[in-house]
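Quick note: the coordinates plus some simple rules give every number you see, no bench work behind them. Model, not experiment: these values are computed from the prediction. Note that we place each Cβ from the backbone using ideal geometry, even for glycine, and neighbour counts take in every protein chain shown.
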Amino acid sequence: MGRRTDMSLMFMLFALSGAVLVLGGGSYALRRLLAGDGERVPVAEGPGPVPQVESVAQVGGYVPAPREPGGLPPALCAGVRELVAVGRTAEAVGMVREYAHVDEDRARRIVEGLGVDGGVRES
């Protein structure tokens, strides 16, 4: 039993002396690096400036979809106004919904906000 204890003690001493050697070497290297022996360590350059890319209009997500400058086409606006005037609002909403690819609630708001000038005002 004494021999087994001696081997464990020797192994612990060997591991301890290895740890001291590693810590001492690291301390020496750090001290030399901080002292700055006049030598500069070469540093790799970065990738450089990021090239400017022309932005592309996004559709969907949280970005609003692009709209036509004048709103709905004049012929569609005239047809929607005529349908609303004769009481066929559901058909007018269906026309706007099909053209603008929007849901029924939004199409109804567009029909309600359709001005005399043909522009679209959503409420």
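The string of couplings for the range 91-100 from the Karplus curve (6.51, -1.76, 1.60, θ = phi - 60°) is 5, 5, 5, x, 5, 5, 4, 5, 6, 8 Hz, one whole number per residue in order, with x for Gly and Pro. As a rough guide to protection, the peptides 90-100, 12-22 ranked by mean Cβ packing within 10 Å, highest first, stand as 90-100, 12-22. Please list, ordered by chain and number, the residues whose modelled amide H lies under 5 Å from the amide H of Leu114; skip anything fewer than 5 residues away on the same chain. Under 5 Å from the amide H of Leu114 lie the amide H atoms of Arg121, each far enough along the sequence or on another chain. Here the 3J(HN,Hα) profile of the range 21-33, calculated from phi with Karplus coefficients 6.51, -1.76 and 1.60 at θ = phi - 60°, is 5, 5, 5, x, x, x, 5, 5, 5, 5, 4, 5, 5 Hz, Gly and Pro shown as x.
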